[in-house]
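The values are calculated or read from the model by the stated rules, or taken from the named source; none is laboratory data. Since the structure is predicted, the reported quantities are computational estimates derived from the model, not experimental observations. Here the Cβ positions follow ideal geometry from the backbone for every residue, glycine too, while neighbour counts run over all protein chains shown. SASA here: full protein model, heavy atoms, side chains in, ligands and nucleic acids out. Shrake-Rupley method; radii C 1.70, N 1.55, O 1.52, S 1.80 Å.
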Amino acid sequence: MKITMAHGSGGKSSAELMKTVFGTYFHNEILEKMEDAAVLDISGRIAFSTDSFVVTPVVFRGGDIGKLAVCGTVNDLLMMGARPLYLTSAYILEEGLESDLLETCVASMADTAAKAGVKIVAGDTKVVEGSGGLMINTTGIGLIPEGRDISAANLREGDAVLVSGCLGDHHACVLSHRMGLENDIQSDCAPLNDIVDALFENGVRVRAMRDITRGGLGTMLNELANTSRRGIEIEEERLPVRDEVRGFCGILGLDPLYMGNEGKMLAVVDGADAEKALAAMKGTEHGKDAVILGTVTAGGGVVMKTRLGGRRVVDMLYGEGLPRIC
Ligand code: MG
């Protein structure tokens, strides 16, 4: 079946779509009350974030837009030290969308939300004219446990900078699909609860965290350095990149430093906790390829010690990394 304007009319077809697609996969006591708004009982410091997802293709190796829409928002909450609790999901469907494709994405959204420990408590669906596309917005709320103060402003000289795994996987995967290239590069799209929980459970003094999305590691490091007015020095030799992604980047002239991921993060921790943080990350499913990448220095900017012993300034990504990957 194809989605038509009638599915967004608020009438019988809309009700049918709600029941057969969304109702099949999204259940919880809050949503099932079917009120005009979700009522949430939360007290404490809240992290609150929103993101819209417009990636094409909507299904790719290792995930789809439904999974991505949960991971993107959940990971942003996690990066502030929050425990993700609730999500909203707003779907914009283009006329002509195959309902099976929609169902695939809704099912994987529900599955990923369960894995990330969040409840989808409010939602909306609109149908617009178009050519069978699908876009999703998610907004999330998380609770920051008492005593956690996670911010780029916290960086100190001597802190260690860790990265949780290989760079560029999601970007290279989506780009491969778009270019019709045959390879086995998989998106790393994943909720990072396991890594963040492991850091705090092991008593690591975490200063700041960032998920390495659009703009890539180079951009995230610059954001941290600029906000904290510190410098960051990393070692090229330690940059984790899969051989296949490195080869792909080599052919297209892309730099893995600026390639986006959807399941990788940076953590800046007290220098004395570097090994503890590394062990904690490596003990998780999503952090097994973690490395200590460098240190925070007194000066500004980001510098990379190259394999040949030189030093290169790592700047932010300028312009838009193409195509849109999230
Ligand atoms: Mg982020």
* Residue within region 4-25 that is loosely packed, with under 13 Cβ neighbours inside 10 Å, at positive phi and of a type in the set (A, V, I, L, M, F, W, C) present -> no
* **Identity of the residue in region 167-180, over 14 Å from the mean Cα position of the chain (by Cα) and touching a residue at least 12 places away in the same chain (Cβ under 8 Å), that ends up most open to solvent (accessible area, probe 1.4 Å)** => 178
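For region 231-245, what are the residues that are closer than 26 Å to residue 155 by Cα, touching a helix residue (DSSP H, G or I) at 6+ places or on another chain (Cβ under 8 Å) and either among the β-branched types (Val, Ile, Thr) or open to solvent by 10 Å² or more (accessible area, probe 1.4 Å) (or both)?
Looking only at region 231-245, we keep the residues that are closer than 26 Å to residue 155 by Cα, and these are 231-241.
Then keep just the ones that are touching a helix residue (DSSP H, G or I) at 6+ places or on another chain (Cβ under 8 Å); that gives 231-232, 234, 239, 241.
Passing the criteria: 232, 234, 239, 241.
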* Structure fact -> Given (1) in contact (Cβ under 8 Å) with a residue 60 or more places away in the chain; (2) in a loop (DSSP other than H, G, I, E, B); (3) open to solvent by less than 70 Å² (accessible area, probe 1.4 Å), residue 324 misses just (3)
* Would you mind finding the one in 299, 294, 287, 263 that is in a loop (DSSP other than H, G, I, E, B), crowded, with 19+ Cβ neighbours inside 10 Å and out of contact with any His (no Cβ under 8 Å at 6 or more places or on another chain)? => 287
* Asked: Which members of region 208-260 meet the condition of being in a loop (DSSP other than H, G, I, E, B) and either over 24 Å from residue 149 (Cα atoms) or in contact with a Gly (Cβ under 6 Å, 6 or more places away or on another chain) (or both)?
  -> 213, 214, 215, 239, 240, 241, 242, 253, 254, 255, 259, 260
* Structure fact -> The number of residues in region 272-284 that are within 14 Å of residue 208 (Cα to Cα) and either open to solvent by 30 Å² or more (accessible area, probe 1.4 Å) or among the aliphatic types (A, V, I, L, M) (or both) is 2
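Yes or no, residue by residue, for (1) open to solvent by less than 50 Å² (accessible area, probe 1.4 Å); (2) under 16 Å from the mean Cα position of the chain (by Cα); (3) of a type in the set (Asp, Glu):
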residue: 35; (1), (2), (3): no, no, yes
residue: 40; (1), (2), (3): no, no, no
residue: 45; (1), (2), (3): no, no, no
residue: 48; (1), (2), (3): no, yes, no
residue: 64; (1), (2), (3): yes, yes, yes
residue: 77; (1), (2), (3): yes, yes, no
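Within region 99-154, how many residues are acidic (Asp, Glu) and either open to solvent by less than 20 Å² (accessible area, probe 1.4 Å) or in contact with an Asp or Glu (Cβ under 6 Å, 6 or more places away or on another chain) (or both)? If you could, list the steps in order and put the result at the bottom.
Filtering region 99-154 for residues acidic (Asp, Glu) gives 100, 103, 111, 124, 129, 146, 149.
Add one more test, that the residue is either open to solvent by less than 20 Å² (accessible area, probe 1.4 Å) or in contact with an Asp or Glu (Cβ under 6 Å, 6 or more places away or on another chain) (or both), and what stays is 129.
Residues flagged as acidic (Asp, Glu) and either open to solvent by less than 20 Å² (accessible area, probe 1.4 Å) or in contact with an Asp or Glu (Cβ under 6 Å, 6 or more places away or on another chain) (or both) within region 99-154 amount to 1.
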* Regarding residue 53, is this residue within 16 Å of the ligand (Cβ to nearest atom) and modelled with pLDDT of 95 or more? -> yes
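Is it true that residue 194 is out of contact with any Pro (no Cβ under 8 Å at 6 or more places or on another chain), of a type in the set (Asp, Glu), open to solvent by 10 Å² or more (accessible area, probe 1.4 Å) and assigned to a loop (DSSP other than H, G, I, E, B)? Can you show your working first?
On the way: out of contact with any Pro (no Cβ under 8 Å at 6 or more places or on another chain): yes; of a type in the set (Asp, Glu): yes; open to solvent by 10 Å² or more (accessible area, probe 1.4 Å): yes; assigned to a loop (DSSP other than H, G, I, E, B): no.
In short, no.
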* Looking at region 62-87, which of the residues that are of a type outside the set (A, V, I, L, M, F, W, C) and part of a loop (DSSP other than H, G, I, E, B) is nearest to the ligand (Cβ to nearest atom)? -> 81
* To do: Give the residue that is surrounded by the most Cβ atoms within 10 Å (Cβ to Cβ), with candidates limited to residues of region 246-260 that are touching a residue at least 40 places away in the same chain (Cβ under 8 Å) and aliphatic (A, V, I, L, M).
  => 259
